[in-house]
1. Under the √(5λ) rule applied to the eigenvalues of the Cα gyration tensor, what semi-axes describe the equivalent ellipsoid of segment 1-117? Give them in Å, descending.
2. Most fluctuating residue of GLY39, GLY177, GLY72 in a GNM of the chain with Cα springs under 10 Å: which is it?
3. Among rounded, prolate and oblate, which fits the chain when a ≥ b ≥ c are the square roots of the eigenvalues of its C-alpha gyration tensor, a/c under 1.5 means rounded, and a/b larger than b/c means prolate?
4. In percent, how large is the relative contact order of the chain, given Cα pairs closer than 8 Å and 6 or more residues apart?
5. Over segment 165-256, what portion of Cα pair distances is larger than 22 Å, expressed as a whole percent?
6. D for segment 166-209, whole µm²/s, Stokes-Einstein with Kirkwood Rh over alpha-carbon pairs at 25 °C and 0.890 mPa s: what number?
7. At 37 °C and 0.692 mPa s, what whole-number value in µm²/s does Stokes-Einstein give for the translational diffusion of segment 87-232, with Rh from the Kirkwood sum over Cα pairs?
8. Using a simple charge model, +1 on the beta-carbon of Lys and Arg, -1 on the beta-carbon of Asp and Glu, nothing else, what dipole does segment 43-162 show about its Cα centre, in debye to the nearest 20?
Amino acid sequence: MRTPLIVANFKMNLGAAETAAYLSAFVPKIAALKNVEVGLAPQAPLLSAVGKGIEGSGIRLAAQNCGVDRSGAYTAELSPVLLKELGITWVILGHSERRHVYGESDTLVQNRFRAALKEGLQVILCVGETLEERKAQRTLVVVARQLEVLGSVGWPSAFDYSKFAVAYEPVWAIGTGETATPEQAQEVHRFIRGWLAENINPSAAELIRIQYGGSVKPDNAGVLMSQKDVDGLLVGSASLKADGFAEIVRNAVESRR
Ligand code: PGA
């Protein structure tokens, strides 16, 4: 049984004071919940403070990106060594905003992935099609192409694949209020699981968590999570309020009972 993985991606939102207030509200709200892995991805300058704020809570610290090398002349990039030092567990790579707004290519995503793995960081790899691609019935082709980066990322030997996750985030559902139907999500998640079984191996595919992302809210979290191959959620806008995100986590856990 895969433990649900529910991660808040704050993106470029929530300042220092807002984040502190968020943590005081959020941490106690989910303290009693079991059988769920929860992560918070704040803005990079707040990683340290959030790390302190969640100490002892079991909540994981997540970064929104990761540099391609241990250190060096890479202005504005985040060293995986520093991320590790700050106690980061998960890094989100290949987010569609990175791909579409900042032009990150599959090759760049792959280089980031390799650097993260080398330092023992756990990767959430985001994949997903645009509206045009979906309309042209190219969803699975696009997702398969984005998954190709896994081909040579250099998995350590005897790698524990529960420490890797794929987030299926249809670009047309991100920040738009429009959510994929549970059936649309399940169709792509099943495809991803099949791809992982074929291209990594079947036991890895059983361990890898596949999250759904794109306008997840408290009222659709449960139904999305009740799909067979939906193992978690990556939440943007609805994670910005401590109450709302705690409700999403609760509903996700409930749906698994
Ligand atoms: P959203 O963002 O929940 O605001 O749609 C999701 C994401 O980009 O991870």
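1. Numbers: eigenvalues 129, 51, 38 Å².
Ellipsoid semi-axes (Å, largest first): 25, 16, 14.
2. GLY72
3. Details: a/c = 1.37, a/b = 1.07, b/c = 1.28.
It is rounded, given that a/c, with a ≥ b ≥ c, falls under 1.5.
4. Working: 491 pairs, mean separation 54.4, N = 257.
It comes to 21 percent, rounded to a whole number.
5. Working: 993 of 4186 pairs.
Roughly 24 percent, rounded to a whole number.
6. Numbers: Rh = 11.4 Å.
In µm²/s, the coefficient is 216.
7. 213 µm²/s
8. Details: 13 positive and 13 negative charges, 14 e Å.
Value, rounded to 20: 60 debye.
Just so you know, all these numbers are worked out from the coordinates, no wet-lab data involved. In this text, all values refer to a predicted model and were calculated from it rather than measured experimentally. Here Cβ is always computed from backbone atoms with ideal geometry, including for glycine, and neighbour counts include all displayed protein chains.
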